[in-house]
Amino acid sequence: MDIWTRLYEVAKEQYAPEEVTPFVYAHHVVAAFEAENGEIFTGFCMEGTAGVFHLCAERAAAFNMYQQSGQTTIKRMIAFRDKPPYGGGSGMPCGACREFLMQLSRDNKNMEIMLDYDKREIVTLKDLMPYWWGEERYQADEV
């Protein structure tokens, strides 16, 4: 089983859309990360009607990874709803998630994100954010 199949299968286990309450909806978007050391971490989306309460699957997976292992660098990521990413922007992290992943580790710019599962087409985070504003801060931190 290749790593993308493994990531898909592990994330798929989290997919179970449900209304937690009349105000909260969960498990309708799922994600799986392969961390720098090869461990796999998952997360699922939770949305609330109170706008500020919304946690994307990608950020949930990143929080789980850091809480459980202290790691911040991600090698690979897959995210989806009811079927694996199929191109056309499906499976892409939202802007807030892209920004958070860039801030979580400088090396995350090289993480591979699944664009089309059947074709095994990927994109890197740096391809999605080529002129990221935070690079200067990382460089200043090195001095």
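Computed values, structure above
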{"read-out": "Given (1) part of a strand (DSSP E or B); (2) touching a Ser or Thr at 6+ places or on another chain (Cβ under 7 Å), number of the condition residue 72 does not satisfy", "value": "(1)"}
{"read-out": "All positions within region 3-17 that are of a type in the set (A, V, I, L, M), farther than 19 Å from residue 63 by Cβ and without any contact (Cβ under 8 Å) to a residue 40 or more places away in the chain", "value": "16"}
{"read-out": "Residues (more than 26 Å from residue 105 (Cβ to Cβ) and either crowded, with 17+ Cβ neighbours inside 10 Å or touching a residue at least 12 places away in the same chain (Cβ under 8 Å) (or both)) located in region 18-46", "value": "20, 23, 24, 25, 26, 27, 28"}
{"read-out": "Condition check for residue 103: exposed (fewer than 15 other Cβ atoms within 10 Å of the Cβ), modelled with pLDDT under 95 and not aromatic (Phe, Trp, Tyr)", "value": "no"}
{"read-out": "Every pair of residues 6+ apart whose Cβ atoms lie under 7 Å, when the first sits in region 90-103 and is within 10 Å of residue 129 (Cβ to Cβ) while the second is in a loop (DSSP other than H, G, I, E, B) and aromatic (Phe, Trp, Tyr)", "value": "102/132"}
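The values are calculated or read from the model by the stated rules, or taken from the named source; none is laboratory data. Keep in mind that what you see is a predicted model, and the values were worked out from it rather than measured. When we count neighbours, we look across all protein chains shown, and the Cβ atoms used for this are built from the backbone with ideal geometry, even at glycine.
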